[in-house]
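Quick notes on the structure that follows.
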Amino acid sequence: MMKNKWRNDFPFFAGNPGLVYFDNSATTQKPQIVIDTLCRFYTDENAPISRSAYTLSRKAEQKSETARQIVATFLGAKKGEIVFTKSATEAANIVAATYAARRLTSRHNIVVTALEHNSNFLPWRQICAGARAELRVVKITQEGCLDLEDLEQKIDDQTIIAAVTCASNFLGSKTEYERVAEICKQHRVSLVLDAAQLVAHQRIDVRHINCDFLFLSGHKMYAPAGIGVLYVKEEHLVEMNPLLVGGGIVSGQDFCFVENSAKFEAGTQDVAARLGLASAIQYLQQINENEVAEHEHNLCSYVHSGFQHVEKYGVKMLGNQVVELPIFSFICEKAHFFDIAALLNHFQIAVRSGSLCAQNAFSQMGIEGCVRISLGLYNTFDEVDIFFNALELSLRKLTAFS
Amino acid sequence: MLKTQQKLIKKLSQMEDELDIFDYFIDKALAGGKPDIRKSEYQIRGCASGLWVKVERKEDKLVLTADSDSLLIKGIALSICEIYNGMTVKEAKATKITFLDGFDLAGELNESRRNGLSQISGIIMKL
Ligand SMILES: Cc1ncc(COP(=O)(O)O)c(C=O)c1O
């Protein structure tokens, strides 16, 4: 029935038969090799990476640095440009507080987009408020894409940062981030890219794009929670001081910060999660990237046609009709998003509802919330059928009297 | 004679399927009409779905009305209102709303909505 080449790699589905997990933009399930990596580390390898002399600690440190190299290669970066963080959220905050805030004065501005998740909006809003600088929010088009013309107008010589997502967490649309990078370059604006949603579906190369910063969260790309990545272009590393200070980031008696990316990693680090992230990346590299892309593309088309059948209930998809990532959000004129999600839960379908930490976009679209389904490589066409059957039953119930 | 809440608990416990429970609350919400209470003074803050509750006293007895964007929340809120309606403030304060504890709506009701609904009792306690 549920044939999918990769599904069996994820033990979660054997443990949860009957569950349709369509909340992958929030977090993904983990393949066995990631779980094995965590298990192995805590069973046999656990030690702090404290530059100690004993073998186990040195081994843990080596593995952690190998993980850093794997992440660097995955993103097309140098190893020294990779900072391990807790999450995408922490990464954005580091850039805002340690790079941008130092330069920002009241005559400057920061440009963000209405597509941003709050984690790539609130840090900028906060430092702009602190410096009395202007925060400019680029509009989204009717189709739910980034309005590049508006972006070009909003970026000027007083802009110090443009913070832009690579892909929307609720519309499934990609931003033209390569074009954005060119515009930023023309104006000598530092570009911060949020790749949190993109990387589970597509590769990205920081060197090719020529961005200044890029961040992601491991748990959205089949890796454990608690680990994120911040890419910092080499030339910015020296001037940035750490946000968190503590153990492991100074050398000598005069408390000088170490010069590499480790200066952003104060305190005892989550080595297991780093290794788990490296395993997830290796997993994504081992499976056939083109096959996954094709599968997800086909799922997208299938979901798309499914939505046409529920239009009669007043269901309206948000944003671009040409969805690029398997992320879809919808509203129903006659039913509240929470009721739809609650009924879908009854049918064992896990979806997200609400404003999806993207209040900017929602207020621009004039809606309060929606239901989002987001698929991963292990989802199947059968599950899409189950979802639409359940959606139809739910909508019939909820709209029967309207 | 069974009290309103006990009757409700009995009714819900007799339902075989969780969907019937949904139906019950949805029907209740639809029967509740559109009371004119969507005003900021009646709005319950901190509930992720809009929720409005008006508490009045008529001849020492409580009269509560509720409205919500969500049918499920509205149905549950109206059920809470029904339990308090007709009680004196003293009686209402001594009444604990327990009908939600009995069955598993936990998956559907996240923290903020539970919190929103429990604020109805919070209003009573402050009377
Ligand atoms: C586009 C985007 N950026 C950033 C984040 C924040 O990720 P985290 O909560 O793991 O820090 C999310 C999470 O949903 C997201 O969708």
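Taking the stretch A:367-402 as the range and being open to solvent by less than 10 Å² (accessible area, probe 1.4 Å), within 11 Å of chain B (Cβ to nearest Cβ) and assigned to a loop (DSSP other than H, G, I, E, B) as the test, only A:Gly369 passes. When the stretch A:240-259 is filtered for residues that are closer than 15 Å to A:Thr98 by Cα and in contact with a helix residue (DSSP H, G or I) (Cβ under 7 Å, 6 or more places away or on another chain), the ones remaining, listed by number, are A:Met240, A:Asn241, A:Pro242, A:Leu243, A:Phe257. The set of residues in the stretch A:13-33 being open to solvent by 30 Å² or more (accessible area, probe 1.4 Å), under 21 Å from the mean Cα position of the chain (by Cα) and more than 16 Å from the ligand (Cβ to nearest atom) is empty. Residue count for the stretch A:335-366, restricted to those that are among the aliphatic types (A, V, I, L, M), outside any loop (DSSP other than H, G, I, E, B) and either open to solvent by 20 Å² or more (accessible area, probe 1.4 Å) or within 12 Å of chain B (Cβ to nearest Cβ) (or both): 9. Would you check if A:Leu56 is aliphatic (A, V, I, L, M) and open to solvent by less than 40 Å² (accessible area, probe 1.4 Å)? Judged against the criteria, A:Leu56 is not a match.
Only one of A:Leu343, A:Leu325 is within 16 Å of the ligand (Cβ to nearest atom) and not β-branched (Val, Ile, Thr); which? Lay out the reasoning, then the answer.
Details: A:Leu343 fails: within 16 Å of the ligand (Cβ to nearest atom).
Sole residue among the options that is within 16 Å of the ligand (Cβ to nearest atom) and not β-branched (Val, Ile, Thr): A:Leu325.
Against the definition (hydroxyl-bearing (Ser, Thr, Tyr) and out of contact with any Ser or Thr (no Cβ under 7 Å at 6 or more places or on another chain)), how does A:Ser64 come out, yes or no? Yes, satisfied.
Name every residue in the stretch A:149-169 that is open to solvent by 40 Å² or more (accessible area, probe 1.4 Å) and part of a helix (DSSP H, G or I), in order of residue number. Once the filter is applied, which keeps residues that are open to solvent by 40 Å² or more (accessible area, probe 1.4 Å) and part of a helix (DSSP H, G or I), the stretch A:149-169 yields A:Glu149, A:Glu152, A:Gln153, A:Lys154.
Might you let me know whether the stretch A:321-333 holds any residue that is within 14 Å of chain B (Cβ to nearest Cβ), farther than 28 Å from A:Pro11 by Cβ and part of a loop (DSSP other than H, G, I, E, B)?
From the stretch A:321-333, those within 14 Å of chain B (Cβ to nearest Cβ) are A:331-333; that's our starting set.
Now drop any that are not farther than 28 Å from A:Pro11 by Cβ, which leaves A:331-333.
Then keep just the ones that are part of a loop (DSSP other than H, G, I, E, B); that gives A:333.
Yes, that holds for at least one residue.
Residue-by-condition table, conditions (1) within 16 Å of the ligand (Cβ to nearest atom); (2) more than 20 Å from A:Asp212 (Cα to Cα):
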| position | (1), (2) |
| --- | --- |
| A:Val95 | yes, no |
| A:His108 | no, no |
| A:His117 | yes, no |
| A:Trp124 | yes, no |
| A:Val137 | yes, no |
| A:Glu149 | no, yes |
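The values are calculated or read from the model by the stated rules, or taken from the named source; none is laboratory data. Treat the numbers as computed from the prediction; the structure is a model and nothing was measured. Note that each Cβ is placed from the backbone with ideal geometry, even for glycine, and that neighbours are counted across all protein chains shown. Note: accessible area is taken over every heavy atom of the protein model, side chains too, but ligands, DNA and RNA are not part of it. Shrake-Rupley method; radii C 1.70, N 1.55, O 1.52, S 1.80 Å.
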